[in-house]
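Below you'll find the structure, written out as structure tokens, and then a few comments.
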Amino acid sequence: MSAARITERPARILVIGGSYAGLSVALNLLDLCNGLPSRFTGNNSPLIPSQRVPVEITIVDERDGFYHLIGSPLAFASSEYALKAWTLFQDIPALQTSAVKFVRGSISDLDCEERLATIIEHGTQQSVHIEYDYFVAASGLRRAAPSAPQALSRKQYLLETAEHIRAAEAAKDGVIVVGAGAVGIEMAAELKLLLPKIKVTLIHSRSRILSSEPLPDEFKDLALKLVHEAGVKTILDVRVIETIESKTSDSAPFEVLLSDGRRIKAGLVINAVSKFHPTASYLPPRALDPEGYVKIKPSLQFNSDIPNAFYHHAAGDIVSWSGIKRCGTAMHQGQYAAINIHKKILAQICGITPTYKELAFDVPPMMGLAVGKKAASCGPPDHTVTAGEDVMQLFFGNDLALTICWNYMRLGDAPFKVEPLSTSVDGEDTKVDTLSSQRANLYMKRLSVR
Ligand SMILES: Cc1cc2nc3c(=O)[nH]c(=O)nc-3n(C[C@H](O)[C@H](O)[C@H](O)COP(=O)(O)OP(=O)(O)OC[C@H]3O[C@@H](n4cnc5c(N)ncnc54)[C@H](O)[C@@H]3O)c2cc1C
């Protein structure tokens with residue numbers, strides 16, 4: 001007898017965060033609970049009716065849509081691109097099923113013992129309580145602008161990016177980007193690419209760019225070469241002491257005072273010095289490490305003595321785990337959380353002890369960096385450092401990986417029809433699955449570096 005027929009009610013899964021990690025949890029879980037292989041697996045297994053279980057997935061997000069965070073450097077340089085980088089949840093075909101519900105709001109508290117979340121609903125600001133069977137924290141990091149837009153609606157975000165783009169276009173005295181981490185580098189290079197007449201200067205306090213990343217010097221030096229090739233000027237090994245805003249209209253709007261005494265005029269100053277912190281303040285403190293990240297087991301289950309830890313999971317940037325925070329990792333962890341939750345649901349029905357999918361303990365540092373028309377990459381197995389327009393195409397395509405991520409998560413596919421149970425073992429569903437497996441294999445290769 002299929003599991004779906006012996007369960008009393010759907011398992012209720014609450015996912016906080018509707019971005020790479022959260023959507024990967026929801027979509028892979030939908031696949032598995034419909035008896036399909038998880039969409040990232042890329043194998044050709046047929047439908048397995050006995051794996052089918054009814055689920056109700058609730059996704060809570062402060063935003064009204066999926067925002068492609070990787071595309072921020074371009075969204076803050078091109079209005080045309082900004083339109084594409086944020087898709088309202090209601091416009092994502094893969095999520096249009098009665099098994100998925102959205103709540104727009106911010107989680108403020110989690111009662112793990114009662115398995116009850118408190119959400120401050122957007123608009124009304126009222127507290128709403130949501131009961132759940134399984135919980136996934138996928139709310140990532142709180143990032144300052146312009147790494148991420150501060151707006152929470154697509155409409156406001158378009159105004160926010162448009163204002164930034166207008167300011168850059170009007171910056172006759174040039175744009176200064178402070179901080180040559182990955183975000184600063186990509187932001188400076190995209191602005192120079194889109195606004196070639198504007199002088200763009202990248203200032204960094206260390207002698208090498210990407211100084212806080214655990215990556216080989218060869219990669220950092222190559223990245224600097226690409227920055228210069230892209231037409232961005234650099235000032236290294238000096239700190240910005242102060243940014244002074246001019247009160248008069250006859251001089252440049254800003255003057256930047258450097259630690260070596262230099263003063264540089266600018267029409268716009270962008271602060272790209274990394275400012276972020278995990279968003280897990282709604283969780284019990286003992287579920288978190290000293291920096292505020294969620295302590296997890298390799299199976300993505302909470303690794304703390306909170307009540308009902310078995311039912312609580314976390315995925316994506318919010319977790320305390322090795323490796324550079326990357327969207328490929330967030331999606332991978334989302335998939336594993338989905339697989340393990342599905343196993344737990346089945347195990348409770350059938351009374352078996354499952355073997356969980358587990359993350360590798362030591363995730364080596366890896367990165368793909370888009371610098372104008374070219375990209376640099378560095379990663380396992382041998383930390384090969386490579387760069388070029390072909391690397392850009394492979395890792396980012398023409399839109400800073402928006403299409404790659406969209407297709408990898410298969411956000412544009414209509415959800416599989418669940419009923420009737422018997423029709424999907426062969427025929428159309430299997431054909432679609434084979435096609436999607438090929439696609440999944442291709443995208444996984446691309447996403448394996450950053
Ligand atoms: C500018 C930039 C460029 C990047 N480039 C790359 C790259 O090239 N390659 C790469 O692999 N990685 C890149 N990254 C890193 C990558 O974007 C992150 O690793 C990835 O976004 C993590 O996904 P996530 O789903 O865990 O979290 P996020 O993408 O941060 O999503 C978290 C979601 O949770 C929601 N949320 C937060 N708090 C709450 C709350 N209290 N209640 C409800 N909802 C909440 C947010 O609105 C958001 O939708 C880049 C990051 C930045 C900032």
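The helix-based estimate of mean residue ellipticity at 222 nm for the chain, built from -39,500 (n - 2.57) per DSSP H run of four or more residues and divided by its residue count, is -9000 deg cm²/dmol to the nearest 500.
Accessible area per residue for region 194-325, computed on protein heavy atoms with a 1.4 Å probe, is 51 Å².
Residue separation times 0.36 nm, minus the C-alpha to C-alpha distance between Ala414 and Val363: what's the value?
Details: separation 51, 0.36 × 51 = 18.36 nm, distance 3.36 nm.
Extra length from Ala414 to Val363 when fully extended: 15.0 nm.
Listed by number, the DSSP H helices of the chain that run 20 Å or longer by alpha-carbon position along their axis and have mean Kyte hydropathy of at least -0.5 are 327-350. With r defined as the distance between the Cβ atoms of Lys233 and Lys101 and R0 fixed at 60 Å, what FRET efficiency is calculated, to the nearest 0.05? Computed FRET efficiency for Lys233 and Lys101 comes out at 0.75. Approximating the spin labels as points 7 Å out from Cα along Cα→Cβ, the Gln125-to-Arg206 distance works out to 4.2 nm.
In terms of the mean number of neighbouring beta-carbon atoms within 10 Å, the peptides 348-356, 379-387 order highest first as 379-387, 348-356. Taking each of Lys297/Lys373; Lys295/Lys343; Lys84/Lys275; Lys325/Lys374; Lys84/Lys199; Lys155/Lys343 in turn, the alpha-carbon distance tops 31 angstrom for Lys297/Lys373; Lys155/Lys343.
Round to a whole number: what % of the accessible area of region 154-271 belongs to carbon and sulfur, probe 1.4 Å? Show your work: numbers first, answer last.
Working: 3020 of 6050 Å².
Its accessible area is 50 percent carbon and sulfur atoms.
Between Tyr356 and Ile48, the FRET efficiency estimated from the beta carbon spacing at R0 = 22 angstrom works out to 0.75.
Cα extents for region 130-255 along the principal axes, largest to smallest and rounded to whole angstrom: 59, 42, 28. Working ranking of peptides 157-166, 77-86 by packing, defined as the average number of other Cβ atoms within 10 Å per residue, highest first, is 77-86, 157-166.
Label reach from Ile349 (point 7 Å along Cα→C-beta): in region 308-340, amide nitrogens under 18 Å belong to 338-340. Computed over the alpha-carbon pairs of the chain, the distance histogram in 10 Å steps reads 4, 20, 29, 25, 15, 6, 2, 0 percent, short to long. Computed extension gain for Leu159 through Leu258, at 0.36 nm per residue and net of the alpha carbon distance, reaches 32.4 nm.
The values are calculated or read from the model by the stated rules, or taken from the named source; none is laboratory data. Not measured: the values here are computed from a predicted model. All Cβ positions, even for glycine, are placed from backbone atoms using ideal geometry, and neighbour counts span all protein chains on display. For the accessible areas, the whole protein counts, side chains as well, though only heavy atoms, and no ligand, DNA or RNA atoms are used. Shrake-Rupley method; radii C 1.70, N 1.55, O 1.52, S 1.80 Å.
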